[in-house]
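Inspection log for the structure reproduced underneath, given as structure tokens.
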Number of protein chains: 2
Amino acid sequence: MKDHTLVVLVRDRPGVLNRIVSMFRRRGYNIASLTVGHAEQAGISRLTLVVESADVEQVAKQLYGLVDVLKVDDVTDSAVVEREMVLVRVTAPQSSRAKLMELAESFAYRIADIDHETMMLEMTGTPGKIDSLIDGIRPFGIVEMMRTGRITMVRGDRGN
Amino acid sequence: MKDHTLVVLVRDRPGVLNRIVSMFRRRGYNIASLTVGHAEQAGISRLTLVVESADVEQVAKQLYGLVDVLKVDDVTDSAVVEREMVLVRVTAPQSSRAKLMELAESFAYRIADIDHETMMLEMTGTPGKIDSLIDGIRPFGIVEMMRTGRITMVRGDRGN
């Protein structure tokens, strides 16, 4: 089944996330990624939902049926900017530090924290670029990792 | 009521997010922010949950009671690295572009996309820093905004 990316505008009310997640669960749609944050207007949030489904129109229709859901856009086939952020703590004995600092340049990560035995790296990019970073630093030993899930915004001049 | 930040490790199974969000809803705990992404092990996700509650121990206990919840850490009073990402599209006629490019330096944002009438800015920072950016660019006219919600990781040498 194809992954579809939906951008969903919702009223920032208790229960709205519950309604969306419950509907997906009930209908058997699998959520591959869900990210939610404030939108441009106060009281409104915007979600990026990546869902595995053969019938995305049905998913969108079900979403529209939920209280406090204002707008649903299927951006799967649009030109978009897609970003994810990761914080990852790697094992970093003195002997690995120079190498990790050097890799910071090619992978474009920042060093967010450092202690006696580890370094915390911070990186923003496409989900694919973040996967590459993780593959690149895995040999050092990943202690802890946290990703935000992706946010997706359609590029300008839509339809022009 | 105080905002508490919980970092929660869960098995990446259908229904786990539903269980968490439903439990919060049922108990009347308000979720101020929820961010979920892959953790260091395959099949495991890590959530950052910001919840308004007078009794965070009760919240943690309830979370531990849910299927597929592996670990709950209250990091509210810990030394942490806290990050959020935003994509924001602003109105950018020719007359504003130089100013927006100039502000990119002081606010440390990148320009992710540009078209005839708008620019899409990309920024990573603490939630407070992102609020400042948004205040700073609001006069230009915000067309569209999407935030990831925060991810939080405890700094190194805990307890040492």
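The values are calculated or read from the model by the stated rules, or taken from the named source; none is laboratory data. Everything numeric here is computed off the predicted structure, so don't read it as measured data. Because the Cβ atoms are built from the backbone with ideal geometry, glycine has one as well, and the counts that use them run over all protein chains shown. Heavy atoms of the whole protein, side chains included, go into the accessibility calculation; ligands, DNA and RNA do not. Shrake-Rupley method; radii C 1.70, N 1.55, O 1.52, S 1.80 Å.
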Mind telling me which of the residues B:Leu66, B:Leu121, B:Leu49 ends up being over 28 Å from A:Gly136 (Cα atoms) and modelled with pLDDT of 95 or more? B:Leu66
For the range B:99-129 the number of residues that are open to solvent by 60 Å² or more (accessible area, probe 1.4 Å), within 9 Å of chain A (Cβ to nearest Cβ) and either in contact with a Lys or Arg (Cβ under 6 Å, 6 or more places away or on another chain) or more than 27 Å from B:Val80 (Cβ to Cβ) (or both) is 3
Taking first residues from the range A:101-126 that are free of Cβ contacts under 8 Å to residues at least 24 places away in the same chain and second residues anywhere that are of a type in the set (Asp, Glu), the pairs with Cβ under 6 Å that are 6 or more apart or on different chains are A:Arg110/A:Glu122; A:Asp115/B:Asp157
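Select, from B:Ser45, B:Ser96, the only residue that is buried (at least 16 other Cβ atoms within 10 Å of the Cβ) and within 15 Å of A:Met145 (Cβ to Cβ).
Values: B:Ser96 fails: within 15 Å of A:Met145 (Cβ to Cβ).
Result: B:Ser45 is the single residue among B:Ser45, B:Ser96 that is buried (at least 16 other Cβ atoms within 10 Å of the Cβ) and within 15 Å of A:Met145 (Cβ to Cβ).
This table checks each residue for (1) open to solvent by less than 40 Å² (accessible area, probe 1.4 Å); (2) in a strand (DSSP E or B); (3) out of contact with any helix residue (DSSP H, G or I) (no Cβ under 8 Å at 6 or more places or on another chain); (4) closer than 25 Å to B:Glu122 by Cβ.
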{"residue": "A:Thr5", "(1), (2), (3), (4)": "yes, yes, yes, yes"}
{"residue": "A:Val8", "(1), (2), (3), (4)": "yes, yes, no, yes"}
{"residue": "A:Phe24", "(1), (2), (3), (4)": "yes, no, no, no"}
{"residue": "A:Val36", "(1), (2), (3), (4)": "yes, yes, no, yes"}
{"residue": "A:Gln41", "(1), (2), (3), (4)": "no, no, yes, yes"}
{"residue": "A:Val51", "(1), (2), (3), (4)": "yes, yes, no, yes"}
{"residue": "A:Lys61", "(1), (2), (3), (4)": "no, no, yes, no"}
{"residue": "A:Val72", "(1), (2), (3), (4)": "yes, yes, no, yes"}
State which residue pairs qualify: first residue under 13 Å from B:Leu100 (Cα atoms) and at the interface with chain A (Cβ under 9 Å from one of its Cβ atoms) and inside the range B:130-158, second residue part of a loop (DSSP other than H, G, I, E, B) and open to solvent by 20 Å² or more (accessible area, probe 1.4 Å) in any location, beta carbons under 7 Å apart, and separation of 6 or more residues or different chains. B:Ile142/A:Glu40
